[in-house]
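Undergrad: Below is a structure I'd like to ask you about.
The values are calculated or read from the model by the stated rules, or taken from the named source; none is laboratory data. Just so we're clear, the structure is a prediction, and the values are computed from it rather than from any experiment. Positions of Cβ are generated from backbone atoms using ideal geometry, with glycine treated the same way; all protein chains shown enter the neighbour counts. These accessible areas exclude ligands, DNA and RNA; they are computed on the full protein's heavy atoms, side chains included. Shrake-Rupley method; radii C 1.70, N 1.55, O 1.52, S 1.80 Å.
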Amino acid sequence: MRVLPRKAAQAIPLALPRAKGGLWGGFRSRLMLSMSAVVLLTALLVGGVGFVRFQDTLSREARQDLDSITNAVEQALIITPERVMLDPGRLPRLVELGSSRFRVMRGEQVFLEIGGRFPFESLNWLKTERLLEHGFVLQAALDTRSQNEALRAFWRTELLALPLSLLLALVAAYLLVGYLMRPIRHLTEATRAIAQQRFPKPVPVPPGQDELSDLAESFNRMTRAVEGFLERERNFSRYTSHELRTPLATLRVQVEALEQGLLPPEESLPAIKGSLERLERLLAGLLALTRSPQKDPEPLDVGIALRSVVQSLSSKEQQRIILEGDLGAQVLGYGELLQQALGNLLSNALKFSQGEVQVEVRQADMTHIFIRDRGPGVREEDLLRLGNPFLRLQPRVEGMGLGLALVRHIATLLGGRLEFRNRPGGGLEAILSLPGLEVRRG
């Protein structure tokens, strides 16, 4: 058995098994438990409030009944200094005193009891007393066992309804969780795909303008951004490894020839210098493809940018360029990037055409910049490939195939697009479309 060194063993991460379902199952269980707990607490709260209200109503009614009967008994009493008697003629509702007890006392002596023996316990009886003439006291008690039984029946009903409510809540939660968690399930599956660098289709956006729909839309935007970043990284790595190989091999051959004395320095130095210049241009173009601007976009005059680019050309090239159209149009972008895109398009048109290069600006829903040359054009099947990095349809023409790729990158960065088409009379037409502002003239 091979024993790993201590440091190597410490560097190996420990892979713990993960339960099937993961956070999805746990979150689903917690959601169902939370909904059940809310239903349970709501049922208990409603039951408790209902019990308090019901108890208060029964107590108030019992107190009113006791006061009413006590008033009737008090009016039916015949009181003298020596004794107390009950006049039944003054008590027409004597039959209703069956659940109540009365007695008249003075001191510790009982002079009269009505309805039976007066109860001494207070558990099932509601009691009151009133002061009468000559020091007599009327004590009254109302039997509340029926009210207590009603309260117990209320609680039994609530306790029977509570499990039923909880069962219905669990069934409803189980049915609703699948529907409510569907957007999150889509997000989970898409996130796992992105973690494996597999970019799925955009997740469905739930109906309604709520947090879940905002989350789905934000996730789709993030997916497109991450996919673009990874694609640029892959392109940068692939193009760099491919294009750096030739100048580096040239440098190695020249250096080895110098070391072995096979070539004099005056013959090797120009080749080395040319390879270094090619490396610098190549790295500058690759970095431009992967770099994004840091400042906010600003309104730019297309006409000013075109004139600035034309003025940077040689006088012979300036004479071949014709500017026309709505040169007062404006776009929202970055000055350096716009000039770089226009400069690359003009350089490409001048490179592949010996005649005039026509530049026309049109203002519509977007600002369209047409650059037409009088060159041989390209094959129809190659039109869609134009703008791919390091694409060189005519290897004999000097270049690295990064100019149009940079223009396409800038157009996408500015929210526009770059298109190509062959002209009926010959030549190639490049169309740079950018989001425009209102036309400014003068």
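Undergrad: Picking from V110, V39, V104, which residue would you name as being touching a residue at least 60 places away in the same chain (Cβ under 8 Å), farther than 15 Å from T144 by Cβ and of a type outside the set (S, T, N, Q)?
TA: Only one candidate passes the filter, namely V39.
Undergrad: At negative phi, open to solvent by 70 Å² or more (accessible area, probe 1.4 Å), basic (K, R) and at pLDDT below 85: is that true of R396 in this structure? Let's see the steps before the verdict.
TA: On the way: at negative phi: yes; open to solvent by 70 Å² or more (accessible area, probe 1.4 Å): yes; basic (K, R): yes; at pLDDT below 85: yes.
Judged against the criteria, R396 is a match.
Undergrad: Among the residues of the stretch 155-183, which ones are of a type in the set (A, V, I, L, M, F, W, C) and open to solvent by less than 50 Å² (accessible area, probe 1.4 Å)? Give the derivation first.
TA: Of the stretch 155-183, the ones of a type in the set (A, V, I, L, M, F, W, C) are 155, 159-162, 164, 166-173, 175-177, 180-181.
If the condition is that a residue be of a type in the set (A, V, I, L, M, F, W, C) and open to solvent by less than 50 Å² (accessible area, probe 1.4 Å), then A161, L162, A169, A172, A173, V177, M181 are the ones that fit.
Undergrad: Across the stretch 271-298, which residue is modelled with the highest pLDDT among those that are polar (S, T, N, Q) and not in a helix (DSSP H, G or I)?
TA: S292
Undergrad: Shifting gears a bit: Given L346, L338, L350, which one is closer than 18 Å to G403 by Cβ, open to solvent by less than 40 Å² (accessible area, probe 1.4 Å) and within 37 Å of the chain's Cα centre (by Cα)?
TA: Values: L346 fails: within 37 Å of the chain's Cα centre (by Cα); L350 fails: within 37 Å of the chain's Cα centre (by Cα).
L338 is the lone residue from the list that is closer than 18 Å to G403 by Cβ, open to solvent by less than 40 Å² (accessible area, probe 1.4 Å) and within 37 Å of the chain's Cα centre (by Cα).
Undergrad: Among the residues of the stretch 339-379, how many are within 11 Å of G427 (Cα to Cα) and hydrophobic (A, V, I, L, M, F, W, C)?
TA: 5
Undergrad: Scan the stretch 299-334 for residues that are surrounded by 16 or more Cβ atoms within 10 Å (Cβ to Cβ) and outside any loop (DSSP other than H, G, I, E, B) and report the count.
TA: 14
Undergrad: What strands (runs of 3 or more DSSP E) completely inside the stretch 27-118 contain at least 2 residues that are surrounded by 13 or more Cβ atoms within 10 Å (Cβ to Cβ) and charged (D, E, K, R)?
TA: 100-106
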